Each structure stands twice: as C-alpha cells, then as structure tokens.
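A.B. asks: Could you have a look at this structure, given as structure tokens, before my questions?
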Amino acid sequence: MSQTLRDARRYEEGLETYIRPEDRPGFHLSARVGWMNDPNGFSYYMGQYHMFYQYHPYDSHWGPMHWGHAVSSDLLHWEYLPAALAPDRLYDRDGCFSGNAITLPDGRQMLMYTGIINEIGEGGKVLQVQTQNLAFGDGLDYEKYEGNPVLTEDDLPEGGSRYGFRDPKPWRAADGTYRALIANDREGHGGQMLLYRSDDAIHWAFDKVFAENHYRLGRMWECPDFFELDGRHVLLGSSQDMLPKGLEYQNGNGTFYLVGTYDEETETFTEESVHTVDYGIDFYAPQTVEAPDGRRIMVGWMQNWDTCNLHTESTPWFGQMSIPRELSLKDGILYQRPVRELDALRQNEVVVEDLVLRSEERELPGISGRMVDLEVEVSPEDPEALYRRFAIHIAKDDEFYTEVRFRRKESTLKIDRMYSGSRRAIIHQRKALVNHDDGTLKLRIILDRFSAEVFVGDGEKVMSVTIETDLSADRISFLADGNVKLNLRKYDLIP
Ligand code: FRU
C-alpha cells in the first residue's frame with residue numbers, strides 16, 4: 001500500500017473520533033471526514049452494498065480526490081471502511097475521479113475510475129488530462145492494475161477532448177463481454193457519452209459514440225449510468241452549465257435522464273424523452289445499483305456545485321448522499337421512492353385524519369422532529385371553494401424554517417430554505433410543476449437532520465435540499481390559504 005493511502009487511512013481514522021454521530025445525518029451516508037462529492041462504485045458485492053465516494057479527507061472543501069468507502073446491508077446503516085484509493089501513481093497523481101465497480105468472474109471486485117494529471121495550459125490555466133484506470137480488490141483493499149492507464153487520449157474518437165474524458169460506467173453484457181460508457185467533451189458539440197468494449201474487462205477499445213449533447217443539455221456531460229427499467233432503457237447523466245428550460249434544468253450543473261430503447265445487436269440507444277432527475281437544489285451525479293431482488297436503486301450526491309463551497313466554517317465533514325431511491329418507469333417518467341428498507345426505521349406513528357385548516361397555521365401534537373417520515377395528503381375542504389395555497393414548515397423554531405409550498409392554481413410546488421438559518425446569498429428556492437387532482441396532492445417528506453427530500457405523488461418528482469438549521473429547530477407546522485382537508489401520517493425515523 002502506498003504511503004499516500006496509508007496516510008489518508010490513518011488521518012480519517014483519527015479525525016472521525018472527533019465527530020459525534022448525532023451531529024451527522026442519521027441514515028444518509030456522509031463523508032467519514034473532510035469532503036465528499038459523487039457516489040462512486042455503488043455496487044452489491046459479497047453480500048453487502050458498497051458505496052465509494054469522491055473524497056478529500058484533509059479538508060471540508062474539494063481537493064485531490066481519493067475514494068472513500070462504506071458498506072451497508074440495508075442502504076441506511078453505513079459502516080465506514082478505510083479509504084479505497086488515493087492519488088498515488090503517476091497517472092492519477094492529481095486525483096482519482098469518479099467511476100464504478102463490477103464483480104469479475106473470478107470473484108474480485110474491479111474499480112474503474114478516472115486518473116487526473118494536471119497540466120499547465122495557456123495563460124497558466126490548469127488543465128486536467130484524464131485517463132481510465134483499474135484497481136482490483138476484495139471489498140476492503142484495492143491494488144491498482146500495473147497496466148494502467150487502460151484508456152487514454154489515443155482511444156478517443158475525433159474531436160474528443162483528453163481534458164474531458166471521465167467517469168466510466170462499466171457493465172457485463174449478456175454474452176459475458178463488457179461495455180463501458182464514458183463521458184467526453186467534444187469540441188463544438190458539448191458532451192457525449194462514448195461506448196467502449198472489452199472481452200476481459202481489462203483491455204478496452206473504443207466502440208462508438210453512444211449519445212450526443214449538441215449543447216441541448218448544458219455543456220460537458222458527466223457521470224453516465226445506463227440500465228434497463230420496466231421495458232425501456234434509461235441513460236442517467238449530469239451536465240455542466242445547463243440553461244434552465246421552464247422549470248427544468250435549473251441547477252447550473254444539473255441532472256437529466258434520457259428514456260429510450262436500446263437495440264443490443266447494434267448497440268443503438270434511441271431517445272424518447274428527457275427530464276430532470278431531481279427538481280430540488282441539492283442533487284448531482286447519481287449512480288444506480290441492481291439489488292439482489294432486482295430493484296434498481298439510485299443514490300445521488302445531495303449537494304450543488306454552485307453552493308457547496310460556500311459553507312463558511314471548516315467543519316470536520318461536508319457532503320452527504322441522497323436517500324437511496326427505488327426506481328420505476330411509467331409513460332417515460334422516472335418514479336423514485338425511498339427504499340422500502342426505510343419502513344423498518346419508522347417508529348411512533350401519528351395519524352391525523354380529515355383535519356380541516358381554515359386560512360391558518362397549525363402545529364399538531366406529536367408531529368415534530370428532524371428525523372421524520374411524513375406523509376401528507378391535502379385536498380380542498382369544499383370543492384366549490386378551492387383553496388389557494390398550502391404549505392408545510394419544517395425544521396422550525398421561532399426564527400427559522402424551511403418551507404414546502406403548493407400553489408394550487410399554478411400547480412407548482414416550491415421548496416424554500418431562505419429562512420433556514422443560512423447566512424449566504426445563495427440559491428434557496430426551487431419550483432417544480434406537479435400533478436394534482438383538483439387540489440388533491442400527496443407528498444412524502446423525509447427529514448434527516450440536515451436535509452429534506454420531498455417526494456411528490458407516487459414519486460413522479462422529487463425535490464431535495466440540504467439545510468444547516470440548528471437541530472433544536474424541530475417543529476413542523478401546516479399552513480393553508482383557504483380551506484383544506486389534511487390527512488397525515490408521521491413517523492420518527494430511528495436508525
Ligand atoms: C462530477 C465530477 C465528475 C468528476 C468528479 C471530480 O461531480 O465533476 O465528473 O469525476 O466530480 O471530483
């Protein structure tokens with residue numbers, strides 16, 4: 001093991017003891033110490049889920065990337081393992097960027113990741129030369145392949161940039177050979193996803209351009225994932241520098257999913273529809289895993305590149321993942337639901353039936369907390385006199401709150417953390433168009449200390465947001481402008 005990796009492992013083990021578990025999210029994976037971004041190598045290996053992540057142990061801001069590592073049997077209780085990769089070779093000396101994991105036929109786990117070498121370009125600009133690399137391991141320790149890098153600029157199609165060539169997603173095809181999608185920047189076109197093939201998962205060759213941006217969805221694409229779901233195929237991607245279109249793609253660096261059909265013979269993906277993956281403020285670079293029971297489960301980095309460096313204090317940890325979400329597809333829309341494993345954490349059920357609010361704000365007995373699963377159904381009390389607005393305030397005290405607000409006529413749901421205690425002039429609001437039935441709307445809100453994830457309807461839209469509000473702000477209130485009827489079900493989530 002290199003000294004660089006040994007140092008990182010010793011450092012994280014020491015610093016972790018200073019972080020009280022109650023100061024972290026309770027069931028969302030957060031950085032063991034230091035900084036976390038993208039999920040990496042999300043996989044099921046030797047009876048456990050493995051989650052690696054972009055990791056800078058030495059600071060709560062981004063820096064030379066390592067791979068952090070954690071395992072879980074239920075996707076909610078995570079156990080940290082020692083850092084898996086450190087930037088310790090010539091070809092990855094400035095960072096081990098994102099990638100994925102597969103299990104080889106001989107039982108080893110293989111990590112495929114992007115290695116970074118900084119190059120000084122014109123005007124002193126730092127450019128990152130990006131190559132693809134492998135490491136083999138047993139679920140704990142990983143040995144980098146002596147033949148690295150396995151893909152370099154020589155393996156790019158014409159026009160493909162060696163400075164934007166990253167985040168490999170390998171998989172095993174039905175015939176036992178391998179494919180990998182890799183994000184690439186193509187001059188004058190924006191991002192593209194390139195398909196590579198291999199017979200043994202080690203020797204790779206360029207196959208074809210798999211999907212192209214042509215600047216319709218931001219510029220450079222990142223972090224591809226690709227899988228079959230309910231009779232279609234889904235290509236997940238994250239894109240830099242997106243332009244908003246209506247209420248889609250509002251996050252600057254944002255996410256998208258392309259739904260389409262995939263012809264395995266010709267390896268052709270035909271797109272049918274495209275949407276934002278998460279309509280909140282904090283969600284990026286999602287990856288999926290196929291669970292042993294066949295469920296497709298997605299996790300994203302619950303942060304936003306435009307705001308994440310504005311957390312002022314140097315905390316011992318920064319960055320968390322979203323709740324793992326079960327995916328399904330209906331009419332070209334990706335439905336997301338918190339994994340069903342979460343049900344086992346539910347305690348202290350409080351049910352409220354047919355409560356009427358008349359242009360008022362109410363707190364309800366037993367409904368409070370910062371680790372909460374809250375199901376809400378709001379409907380008009382009188383169909384002849386439709387209400388205008390309905391809102392829920394969470395993480396609330398006399399001074400602070402975060403608001404989830406539904407405007408019936410506009411059919412918009414807004415999440416707003418303006419008054420959550422943030423002292424930064426960063427984006428605090430996001431709006432999404434939602435389906436409702438003449439003012440009847442179903443929401444499920446998952447709170448885990450420093451975040452809220454709002455699932456709309458049966459999960460057809462999700463809005464995720466992180467908050468810094470002091471944990472003593474644990475009240476929840478319900479507000480109506482007009483008359484509404486409420487049905488609520490609330491649980492504490494106790495990991
Ligand atoms: C996405 C990303 C990836 C890259 C990694 C670097 O958030 O920019 O493309 O591999 O983060 O940390």
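A.B. asks: Provide Rg over Rh for region 126-229; use the alpha carbon set for both Rg and the Kirkwood Rh (inverse mean inverse pair distance).
C.D. replies: Rounded to two decimals, Rg over Rh is 0.98.
A.B. asks: Another question, then. Step through the residues of region 158-172 one at a time and calculate ³J(HN,Hα) from phi using the Karplus curve (6.51 cos²θ - 1.76 cosθ + 1.60, θ = phi - 60°), rounding each to whole Hz and writing x for Gly and Pro.
C.D. replies: 4, x, x, 8, 6, 8, x, 8, 7, 6, x, 10, x, 8, 9
A.B. asks: Taking just the C-alpha trace of the chain, give me its Rg and Dmax in Å.
C.D. replies: Expressed in Å, the Cα Rg and Dmax of the chain come to 22.6, 73.
A.B. asks: Further, regarding this structure: With r as the distance between the Cβ atoms of SER2 and HIS436 and R0 = 56 Å, compute the FRET efficiency 1/(1 + (r/R0)^6) and round to 0.05.
C.D. replies: Working: r = 56 Å, r/R0 = 0.99.
For HIS436 and SER2, the calculated efficiency is 0.50.
A.B. asks: Let me ask something else about it. How much of the pair distance distribution for region 26-144 lies past 17 Å, counting alpha-carbon pairs only, in percent? Before the final figure, lay out each step's value.
C.D. replies: Numbers: 3832 of 7021 pairs.
Above the 17 Å cut-off, region 26-144 has 55 percent of its Cα pairs.
A.B. asks: In addition: Starting from the amide H of TRP317, placed 1.01 Å from N in the peptide plane, find each other amide H under 5 Å away whose residue is 5 or more places distant or on another chain.
C.D. replies: Placed amide hydrogens put GLY34 under 5 Å from TRP317.
A.B. asks: Treat each spin label as a single point 7 Å out from the Cα along the C-beta direction, and report the LYS125 to ARG295 distance in nm.
C.D. replies: Going from the LYS125 label point to the ARG295 one covers 4.5 nm.
A.B. asks: At 0.36 nm per residue, minus the direct Cα-Cα distance, what do ASP154 and ARG424 gain on full extension? Give it in nm, one decimal, please. Don't jump to the answer; show the numbers that get you there.
C.D. replies: Details: separation 270, 0.36 × 270 = 97.20 nm, distance 4.44 nm.
Contour length minus Cα-Cα distance gives 92.8 nm.
A.B. asks: Under a point-charge model restricted to the Cβ atoms of Lys and Arg (+1) and Asp and Glu (-1), what is the dipole moment magnitude of the chain relative to its Cα centre, in debye to the nearest 20? Please list the in-between numbers first.
C.D. replies: Values: 54 positive and 83 negative charges, 191 e Å.
Here the chain has a charge dipole of around 920 debye.
A.B. asks: Convert each backbone phi in region 279-295 into a coupling constant with the Karplus relation 6.51 cos²θ - 1.76 cosθ + 1.60 (shift: θ = phi - 60°), then list the ³J(HN,Hα) values in order as whole Hz, x for Gly and Pro.
C.D. replies: Result, rounded to whole Hz: 9, x, 8, 10, 6, 7, 6, x, 10, 10, 9, 8, 6, x, 8, x, 5.
A.B. asks: Okay, moving on. Just order 40-48, 287-295 by mean Cβ neighbour count inside 10 Å, highest at the front, would you?
C.D. replies: Working: 40-48: 19.7, 287-295: 16.0.
In descending order of packing, they fall as 40-48, 287-295.
A.B. asks: Any chance you could run the full-extension gain for GLU212 through ASN118? It's 0.36 nm times the residue separation minus the Cα-Cα distance, nm to one decimal. Walk me through the numbers before you get to the answer.
C.D. replies: Working: separation 94, 0.36 × 94 = 33.84 nm, distance 2.66 nm.
Full-extension gain reported as 31.2 nm.
A.B. asks: For labels at GLU187 and GLU353 in the simple 7 Å Cα→Cβ model, what's the distance in nm?
C.D. replies: The answer from the label model is 6.9 nm.
A.B. asks: Going by alpha carbons, how many degrees (0 to 90, nearest 10) lie between the helix axis of 3-16 and the longest principal axis of the chain?
C.D. replies: With rounding to tens, the tilt is 20 degrees.
A.B. asks: Could you derive backbone 3J(HN,Hα) for region 318-331 from the dihedral phi with the Karplus parameters 6.51, -1.76 and 1.60 (θ = phi - 60°), listing whole Hz in sequence and x where the residue is Gly or Pro?
C.D. replies: Here the 3J(HN,Hα) series is 8, x, 9, 8, 6, 5, x, 10, 7, 9, 8, 10, 9, 6 Hz.
A.B. asks: Just how many % of Cα pairs in region 153-202 lie over 17 Å apart, if you round to the nearest whole percent? Show your work: numbers first, answer last.
C.D. replies: Working: 439 of 1225 pairs.
Value for region 153-202: 36 percent of Cα pairs lie more than 17 Å apart.
A.B. asks: Can you give the Rg to Rh ratio for region 275-355, taking only C-alpha atoms and Rh from Kirkwood? Don't jump to the answer; show the numbers that get you there.
C.D. replies: Values: Rg = 16.3 Å, Rh = 15.3 Å.
With Rh from the inverse mean 1/r over Cα pairs, Rg/Rh is 1.06.
A.B. asks: Hey, if you put +1 on the Cβ of every Lys and Arg and -1 on every Asp and Glu Cβ in region 147-283, which of PHE283, THR152, PRO168 ends up farthest toward the positive end of that dipole?
C.D. replies: PHE283
A.B. asks: Show me the three semi-axes of the equivalent ellipsoid for region 189-253, from the C-alpha gyration tensor (sqrt of 5 times each eigenvalue), largest first, rounded to whole Å.
C.D. replies: Values: eigenvalues 135, 46, 18 Å².
Semi-axes, largest first: 26, 15, 9 Å.
A.B. asks: Relative contact order for the chain: what percent, with Cα pairs under 8 Å and sequence separation of 6 or more?
C.D. replies: Working: 1362 pairs, mean separation 61.9, N = 495.
Rounded, it is 12 percent for the chain.
A.B. asks: Counting pairs of alpha carbon atoms under 8 Å apart in space and at least six apart in sequence, what relative contact order in percent does region 382-425 give? Can you show the working numbers first?
C.D. replies: On the way: 59 pairs, mean separation 13.6, N = 44.
Taking the mean separation of contacting Cα pairs over the length of region 382-425, I get 31 percent.
A.B. asks: Roughly what % of Cα-Cα distances in region 1-46 sit above 11 Å, to the whole percent?
C.D. replies: Values: 777 of 1035 pairs.
Pairs farther apart than 11 Å: 75 percent.
A.B. asks: List the pairs from LYS245/LYS396; LYS442/LYS490; LYS245/LYS461; LYS169/LYS461 whose alpha-carbon separation is above 23 Å, in the order I gave them.
C.D. replies: Where the Cα-Cα span goes over 23 Å, the pairs concerned are LYS245/LYS396; LYS169/LYS461.
Only the coordinates and a few stated rules stand behind these numbers; no lab work does. On a predicted model such as this, the values are computed, not experimentally measured, just so you know. Cβ coordinates were reconstructed from backbone atoms using ideal geometry, including for glycine residues, and neighbour counts include every protein chain displayed.
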